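Input: a single structure, listed below in structure tokens.
The values are calculated or read from the model by the stated rules, or taken from the named source; none is laboratory data. Everything quoted here is computed from the prediction, not taken from an experiment. With ideal geometry, Cβ positions are generated from the backbone for all residues, glycine too; neighbour counts draw on all protein chains shown.
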Amino acid sequence: MGMFIKTIIAFCIGVGTLTAVQHLWMSSIMAQIRAGSSAALPQTQFKPVVALDPDKLRKAIMPTMAPFDTKPYERLGVESAQRRIDMQIRNAQSAVPVQRSFPGVPHY
């Protein structure tokens with residue numbers, strides 16, 4: 001039991017030391033940043049290098065598309081669905097055992 005308590009105390013001391021060292025390091029970095037930022041850079045006027053037309057830029061990013069005919073694709077979708085249904089019916093029919101046939105006996 002004494003070894004377990006010593007391990008917990010050593011872990012707590014280690015975590016506390018690590019936290020203290022990180023806090024001290026961050027405070028020293030922040031002090032250097034505050035000391036360096038006292039000399040402000042001169043403010044300059046922003047001048048764009050290239051003149052941009054916002055309408056042309058908007059059209060380049062999101063071009064308008066001409067409407068296109070979707071009828072052939074709708075037909076293909078319907079035909080594909082019909083083909084799947086036919087295949088399911090054919091598979092279900094092939095899973096049913098074939099009815100026996102005897103010569104001369106009519107099928108009903």
message = Going through Lys59, Lys47, Lys6 one at a time, which residue ends up being exposed (fewer than 10 other Cβ atoms within 10 Å of the Cβ) and either assigned to a helix (DSSP H, G or I) or not small (Gly, Ala, Ser) (or both)?
response = Lys47
ask   = Which residue out of Ala92, Ala81 is among the hydrophobic types (A, V, I, L, M, F, W, C), loosely packed, with under 10 Cβ neighbours inside 10 Å and at pLDDT 90 or above?
value = Ala92
